[in-house]
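The values are calculated or read from the model by the stated rules, or taken from the named source; none is laboratory data. Because the structure is a prediction, the values reported are computed rather than measured. Cβ placement follows ideal geometry from the backbone for every residue including glycine, while neighbour counts extend to all protein chains displayed. The protein model used for the area step is the full one, side chains on, heavy atoms only, and it has no ligands, DNA or RNA in it. Shrake-Rupley method; radii C 1.70, N 1.55, O 1.52, S 1.80 Å.
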Amino acid sequence: MIIDCHGHYTTAPSQLGAYREQQKQEWHADHNCQHEKGSLNISDDELRESVEGAQLKLQKERGTDVTIFSPRASWMGHHIGNSWTSKYWTEHCNELIYRLTQLYPQNFIGACQLPQIPNGSLKNSIQELERCINEFDFVGCNLNLDPSGGHWNSPPLGDRYWYPFYEKMVELDVPAMIHVSGCCNPAFHATGSYYLSADTTAFMQLMTSTVCQDFPTIKFIIPHGGGAVPFHWGRFRGLADMMKLPSLDTLLMNNVYFDTCVYHQPGVDLLVDVIDTKNILFASEMIGAVRGIDPQTGYYFDDTKRYIDNNTRLSEQEKQAIFSGNALNVFSRLKRKLEAN
């Protein structure tokens, strides 16, 4: 089985975008407005049409079996609106994911967006996580370490601000993919620099904290191959040594995992050379940030299964661990869900 741990619903019907634009207009008119949730009026046929020529088609063509599917990351938009805006937007986005998991239970398993706001209470996020795990049978969530959208004014991941959410993650035994959203800071290109900077920052924040010691069973996935971390692994090991910290293997690597959203063969080869196989999860992020065909290979950049298949160092057992075994270990609810489906 090939499990893609990182997929986003980037092809939603236009009604979802129209709803969001209406929210933005209401918020710009009155920053304190308490929105009504309203409805989207999207039919099952429209949902089918949105994925059958896109994610489902590519699953079949590229040989993957199931995708852990979450709302479009760049649209989470935690820097837009107030707590009501974020709450209702998030609920609609997660409910669409749930409907797709019901329409295609063998292809999609849900992971939820959270209704975060910059420096706001995490109460709504905890409640939405509970709803999606307990009522929708989702298996994970996306946690934004920078709800400000690129201005970095939230507490780091080691701050006690985050601990109530971590406690709920541990109670429910669900991992979090640490994933930022859209960027409103012109210094960053959203997917080219902001995402990768955030991935690297997440690792460093966890490294200089006691989160993994305070929550020994917590699990985090840092996407996009871990940002700069694998390429600069010696730097991080050296910093840990200078700070008199335990080795990274002891400090973090029982709790932190990287995915394979690295869009060329040398990058994936470096990832598997540097990082232990047990800490790597297969992912493609399709249909996501990079959608074109690589002129050097003739294949899509985000056809990441090929990079694992073509790696000459990994054994077949190690490849299978990356393709599915590690995901089953990290997403504890996944095996039961797959068996039920």
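The residue of region 12-60 that is most open to solvent (accessible area, probe 1.4 Å), among those that are within 30 Å of G325 (Cβ to Cβ) and among the charged types (D, E, K, R), is K60.
Filter region 293-334 for residues that are out of contact with any His (no Cβ under 8 Å at 6 or more places or on another chain), surrounded by fewer than 21 Cβ atoms within 10 Å (Cβ to Cβ) and among the aromatic types (F, W, Y) and give the result. Within region 293-334, Y299, Y300 qualify.
Go through the residues of region 290-304 one by one and say whether even a single one is closer than 30 Å to E171 by Cα and at pLDDT below 95. Working first, answer last.
We begin by selecting, within region 290-304, every residue closer than 30 Å to E171 by Cα; these are none.
Within region 290-304, not a single residue is closer than 30 Å to E171 by Cα and at pLDDT below 95.
Within region 301-341, restricting attention to residues that are outside any helix (DSSP H, G or I) and within 21 Å of the chain's Cα centre (by Cα), the residue that is nearest to A176 (Cα to Cα) is F331.
To keep it simple, each residue is scored yes or no on (1) farther than 17 Å from C261 by Cβ; (2) in contact (Cβ under 8 Å) with a residue 60 or more places away in the chain; (3) not in a helix (DSSP H, G or I).
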site	(1), (2), (3)
A12	yes, yes, yes
G17	yes, no, no
W27	yes, no, no
I42	yes, no, yes
N94	yes, no, no
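When Y9, Y88 are checked against the criterion of being open to solvent by 20 Å² or more (accessible area, probe 1.4 Å) and modelled with pLDDT of 95 or more, Y88 stands alone in meeting it. Being farther than 24 Å from N134 by Cα and either of a type in the set (S, T, N, Q) or more than 16 Å from the chain's Cα centre (by Cα) (or both) holds for only one residue in L196, L172, L206, and it is L206.
Scanning region 239-287 for residues that are among the β-branched types (V, I, T), within 13 Å of H224 (Cβ to Cβ) and open to solvent by 10 Å² or more (accessible area, probe 1.4 Å) gives a single hit, V262.
Each residue in region 108-125 was checked for being open to solvent by 30 Å² or more (accessible area, probe 1.4 Å) and touching a helix residue (DSSP H, G or I) at 6+ places or on another chain (Cβ under 6 Å), and 2 of them qualify. Any residue that is outside any helix (DSSP H, G or I) and under 22 Å from G182 (Cβ atoms) - is there at least one of those in region 121-130? Yes - at least one qualifying residue is present in region 121-130.
Screening E91 with (1) under 21 Å from the mean Cα position of the chain (by Cα); (2) closer than 27 Å to V290 by Cβ gives one miss only, at (2).
Taking region 74-85 only, how many residues are outside any loop (DSSP other than H, G, I, E, B) and open to solvent by less than 50 Å² (accessible area, probe 1.4 Å)?
Here is the first cut: in region 74-85, the residues outside any loop (DSSP other than H, G, I, E, B) are 74-75, 83-85.
Remaining after also requiring open to solvent by less than 50 Å² (accessible area, probe 1.4 Å): 83, 85.
Adding up the residues that qualify gives 2.
Pairing residues of region 244-266 that are over 23 Å from G298 (Cα atoms) with residues that are open to solvent by 70 Å² or more (accessible area, probe 1.4 Å), at Cβ distances under 6 Å and at least 6 apart in sequence or on separate chains, gives L248/R237.
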